[in-house]
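Written below as structure tokens is the structure these notes are about.
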Amino acid sequence: MSELKIAIQKSGRLSDNSHRLLEECGIKFSNGTSVLKTRAANFPVEILFLRDDDIPQYVEQQVADIGILGENMVLEKNKNVAVLEQLGFAQCRLSLAIRKEESYPGLQYFNNKRVATSYPRLLSDYFTENNIKAEIEEISGSVEIAPGIGLADAVCDIVSSGSTLMTNGLREVTTILRSEAVIIGNKKLSEEKKAILDRLLFRIRAVKNARENKYILLNAPEASIQEICRILPGMKSPTILPLAEKGWCSLHSVVKEDEFWERIDQLKSAGAEGILVIPIEKMIK
Ligand code: PRP
Ligand code: ZN
């Protein structure tokens, strides 16, 4: 029987979240601290633990069928693979940073400077578009120490919390790309593998929807129900149940995580009381 080979990062910024996503999709497997690959116990997939930098190439060559990694790496490697889904975690940016004590007159700062990066393709495209002539020093890791050891004047690297830059005495001056985790796939999967992939993507979307939404319950006077339904349209429409107290009902719906606080204020002014907000585990639209 056919199985889908999924590449995830062995260790790094994406590995815990990639692991958790698959687990929340109900896929059980042991982690990759000592092994390079493992089979899931209850779903037809094999998990390969790889360096994220290698995943685009392996997916193109179908060493893996799909991979979970940062879009930054997908764009840098520019391999012939399909981006199947944005995953909503591991948000970061690819930025240029200079020594914190240097003054920064604007992008022209980089003319005739040496810039260390693991993203030579994206950086050289960016410099070309902006008419900057700089020397790009490609290094594969620990880019942020390059200015400190005299290897470069500046760096172009991934920034998430910003703490790596700070501890290395660097400051971010401009962002060239924003990124988050994505799933990429080989473009020529067999029908059998596509069927497994569809089942997996269905589960991933249910997990993503659940993370992006909250279940909300509240009490409201009957007279406010129409207005509250406008504020909380729900998946189809809200559920409304009568309360024991006459003239009141309980209303159940879902609300988007990023609209949550704004909606709560509107609900309170519409007369809602006793508002409960509950995380959703899976959400199938
Ligand atoms: C990036 C970057 C920094 C770190 C920044 O590494 O190279 O080391 O993240 O994060 P911070 O702003 O929160 O300190 P990443 O894991 O993307 O690259 P790698 O696969 O080369 O380790
Ligand atoms: Zn890496």
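Every number in this text was worked out from the coordinates using simple rules, so none of it is lab data. Since we're looking at a predicted model, the values are computed, not measured. Positions of Cβ are backbone-derived with ideal geometry, glycine not excepted, and every protein chain shown enters the neighbour counts.
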Might you let me know whether the stretch 15-26 holds any residue that is within 16 Å of ligand 2 (Cβ to nearest atom), farther than 20 Å from Leu200 by Cα and surrounded by 14 or more Cβ atoms within 10 Å (Cβ to Cβ)? no
Across the stretch 140-168, the tally of residues that are surrounded by 22 or more Cβ atoms within 10 Å (Cβ to Cβ), away from ligand 2 (no atom under 16 Å from the Cβ) and among the β-branched types (Val, Ile, Thr) stands at 0
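Pick out the one residue from Ala195, Ala220, Ala210 that is surrounded by 17 or more Cβ atoms within 10 Å (Cβ to Cβ) and in a helix (DSSP H, G or I). Spell out how you get there, then give the answer.
Details: Ala195 fails: surrounded by 17 or more Cβ atoms within 10 Å (Cβ to Cβ); Ala220 fails: in a helix (DSSP H, G or I).
Among Ala195, Ala220, Ala210, only Ala210 is surrounded by 17 or more Cβ atoms within 10 Å (Cβ to Cβ) and in a helix (DSSP H, G or I).
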Cβ pairs under 8 Å, 6+ apart or interchain, first in the stretch 96-120 and free of Cβ contacts under 8 Å to residues at least 24 places away in the same chain and surrounded by fewer than 12 Cβ atoms within 10 Å (Cβ to Cβ), second basic (Lys, Arg) and outside any strand (DSSP E or B), ordered by first then second residue, are Asn111/Lys133; Asn112/Lys133
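Residue-wise test of (1) away from ligand 1 (no atom under 16 Å from the Cβ); (2) under 16 Å from the mean Cα position of the chain (by Cα); (3) small (Gly, Ala, Ser).
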site	(1), (2), (3)
Glu3	yes, no, no
Gly12	no, yes, yes
Asn17	no, yes, no
Leu21	yes, yes, no
Val45	yes, no, no
Ala64	yes, no, yes
Phe89	no, yes, no
Would you point out the residue of the stretch 105-124, among those that are touching a strand residue (DSSP E or B) at 6+ places or on another chain (Cβ under 9 Å), outside any strand (DSSP E or B) and of a type in the set (S, T, N, Q), that is farthest from ligand 2 (Cβ to nearest atom)? Asn112
Only one of Glu180, Glu192, Glu212 that is of a type outside the set (S, T, N, Q) and farther than 30 Å from Gly234 by Cα: Glu192
Test for Lys188: is it touching a residue at least 40 places away in the same chain (Cβ under 8 Å), loosely packed, with under 14 Cβ neighbours inside 10 Å, away from ligand 1 (no atom under 16 Å from the Cβ) and not polar (S, T, N, Q): yes
Just give me the residues in the stretch 121-134 being of a type in the set (Asp, Glu) and either surrounded by 12 or more Cβ atoms within 10 Å (Cβ to Cβ) or in contact with an Asp or Glu (Cβ under 7 Å, 6 or more places away or on another chain) (or both), in sequence order. Asp125
Of those in the stretch 225-274 that are assigned to a helix (DSSP H, G or I) and of a type in the set (Phe, Trp, Tyr), the residue surrounded by the fewest Cβ atoms within 10 Å (Cβ to Cβ) is Trp261
When you go through (1) touching a Leu at 6+ places or on another chain (Cβ under 7 Å); (2) under 30 Å from Val45 (Cβ atoms) one by one for Asn130, which number turns out not to apply? (2)
